[in-house]
Amino acid sequence: MKVKNICCIGAGYVGGPTMAIIAQKSPEIRVTVVDINEKRIAAWNDPDVEKIPIYEPGLSEVVAEARGRNLFFSTDVDAAIDAADMIFISVNTPTKTYGIGKGMAADLKYIELCARQIARVATSDKIIVEKSTLPVRTAEALKNILDNTGNGVNFQILSNPEFLAEGTAVADLQMPDRVLIGGDLDTEAGKAAVQALVDVYGHWVTADNILTTNVWSSELSKLTANAFLAQRVSSINAMSELCEKTGADVNEVAKAIGMDSRIGPKFLKASVGFGGSCFQKDILNLVYIAKSFGLQEVADYWEQVIIMNDHQKRRFAENIVRTLYNTVSGKKIAMLGWAFKKDTNDTRESAAIYVADYLLNERAEVVVYDPKVTKEQILADLDYLGSRSEAENRELITVVDTAYAATREAHAVAILTEWDAFVALDWDHIYKAMLKPAFLFDGRRLLDKEALQAKGFEFYAIGS
Ligand code: UDX
Ligand code: ADP
């Protein structure tokens, strides 16, 4: 079967870029991305392509090429479902904040709503593709809902986990290390559905790089990949604290171990802690699944990755307070960066949120600058944490438009995101405009320690 019409439910960080690339590479397939969020869809349709709601290097060019040709953004979810022969589900699956599995399990309410909507609307056979990160065996639940509430049409469920990293999404999608497709390989209909999706990716991905597995292997592989990646970050961050105590430098250690081809050089950068919508959520999910099968040691093993990450964020903030003579009350602290990594405007689970929260609890006057994150988003992130009232957050935190405005007359500067632009700042100018001693806390190992010390800064870098 040849796919002619794709619908994607969810126009977020996964659905938007993924569909833009599928549309770019497959001009004969009509791709419609739908979302219930009208503002988001309006932004995707903004005539000024630089105003699309997601910042990703290279993405606006891809959207400019395909939008209106075979890529469409709409709020008419029903119409898009009905017209499609393949439906991607790319809605958010946050960690549950209530009930059973609170704080650990993935909240599947958005997925379930999608399934019920598809079942209600569909009048022809469809292939349903899980794109969101989901607990193992979600496909089974999806199939149950679709088969028991549908109009008698046939649904095939595939798992096709997303491995793109934000900030490099376009390149990751155009040249993926691998594409993973899980399906029911025991039946002819299942095999045909898998092949239909293989053919979509076949427009630009070589057959060697497309893996097909059973659904559960595919679902579990996604959680495992993120758990392994996050574990590397927590491992190097654990070493960063030991380095600080012993006089070793974590960058030198990372380089030395990364040259061992069995270890490899990537994902060994010590930091103020990992963030993003995936790592914590997926590991909590893995921990929850392990516990639910009675595998306590497996659960404890992976939970330690999160415990280490929380520790790293807290100790960075504690170190700022301790260094500033054990009090930051009323002191101006400039935070450079709010996004969870460079080249994205996504702030979900960003370490910056937790560091800011800690400093605000200590009554610091926090001033934030991030090149891509809006003031509204920064305030919303703090309000969501719920540590203090919305009024207090607005009183204590200031968001400014330049790094120079943030650092002027500050007692300390903290680097939270590794934006390239921060390296290129005029640090002599910043030093002159700061209160003395001028403290600089580099949570990303972005700046050159000797060079900054030579300018006069009291410089602290994570892991050295
Ligand atoms: C991750 C996975 O990489 C991707 O495959 C999956 O589809 C989604 O989750 P993402 O969260 O977008 O992608 O970014 P990633 O590059 O993995 O970074 C996650 C966090 O780890 C960031 O906060 C980053 O700054 C941090 N990190 C990463 C480090 O602190 N050190 C490193 O060496 C690498
Ligand atoms: P991700 O990083 O997984 O892409 P996002 O939160 O950026 O997560 O995007 C998910 C999108 O899915 C949101 O824009 C949200 O409005 C949308 N969404 C959630 N539930 C539905 C639904 N039932 N129908 C349509 N869109 C939905």
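The values are calculated or read from the model by the stated rules, or taken from the named source; none is laboratory data. Please read these numbers as outputs of a predicted model, since none were measured by experiment. Here the Cβ positions follow ideal geometry from the backbone for every residue, glycine too, while neighbour counts run over all protein chains shown. SASA here: full protein model, heavy atoms, side chains in, ligands and nucleic acids out. Shrake-Rupley method; radii C 1.70, N 1.55, O 1.52, S 1.80 Å.
For GLU140, indicate whether it is of a type in the set (Asp, Glu) and crowded, with 20+ Cβ neighbours inside 10 Å. Considered against the rule, which asks whether it is of a type in the set (Asp, Glu) and crowded, with 20+ Cβ neighbours inside 10 Å, GLU140 comes out as no. If you go through segment 416-464 and keep only what is among the β-branched types (Val, Ile, Thr), in a helix (DSSP H, G or I) and open to solvent by less than 30 Å² (accessible area, probe 1.4 Å), you end up with just ILE430. Checking LEU220, LEU211, LEU180, LEU185 one by one, the residue that is open to solvent by 50 Å² or more (accessible area, probe 1.4 Å), in contact (Cβ under 8 Å) with a residue 12 or more places away in the chain and in a strand (DSSP E or B) is LEU211 and no other. A search for C-beta distances below 9 Å between a residue of segment 415-438 that is over 21 Å from GLU166 (Cα atoms) and free of Cβ contacts under 8 Å to residues at least 60 places away in the same chain and any residue that is loosely packed, with under 12 Cβ neighbours inside 10 Å and aliphatic (A, V, I, L, M), counting only pairs 6+ apart in sequence or on different chains, returns TRP427/ALA451.
Let me spell it out: the conditions are (1) surrounded by fewer than 17 Cβ atoms within 10 Å (Cβ to Cβ); (2) farther than 27 Å from GLU241 by Cα; (3) at pLDDT below 95, and LEU385 meets all of them except one. Which number is the exception? That leaves (2) as the condition not met. Residues considered: SER235, SER240. Of these, the only one that is open to solvent by less than 30 Å² (accessible area, probe 1.4 Å) and either more than 16 Å from ligand 2 (Cβ to nearest atom) or modelled with pLDDT of 95 or more (or both) is SER240. Out of curiosity, is ILE118 touching a strand residue (DSSP E or B) at 6+ places or on another chain (Cβ under 9 Å), assigned to a helix (DSSP H, G or I) and modelled with pLDDT of 95 or more? Taking the combined requirement at face value, the residue satisfies it.
Of all residues in segment 117-128, those that are within 17 Å of VAL3 (Cα to Cα) have Cβ atoms under 7 Å from Cβ atoms of residues that are small (Gly, Ala, Ser) and outside any helix (DSSP H, G or I), 6 or more apart or on another chain, in ALA122/GLY150; LYS126/ALA84. For the residues LYS281, LYS255, the requirement of being part of a helix (DSSP H, G or I), at pLDDT below 95, of a type in the set (Lys, Arg) and open to solvent by 20 Å² or more (accessible area, probe 1.4 Å) singles out LYS281.
Suppose the filter is out of contact with any Lys or Arg (no Cβ under 9 Å at 6 or more places or on another chain) and part of a loop (DSSP other than H, G, I, E, B); does GLY103 pass it? No. In segment 271-325, of all residues being of a type in the set (Ser, Thr, Tyr) and free of Cβ contacts under 8 Å to residues at least 40 places away in the same chain, the one that is nearest to ASP442 (Cα to Cα) corresponds to TYR325. Among the residues of this structure, THR133 counts as one that is surrounded by 16 or more Cβ atoms within 10 Å (Cβ to Cβ), under 30 Å from GLU303 (Cα atoms) and in contact with a Cys (Cβ under 9 Å, 6 or more places away or on another chain).
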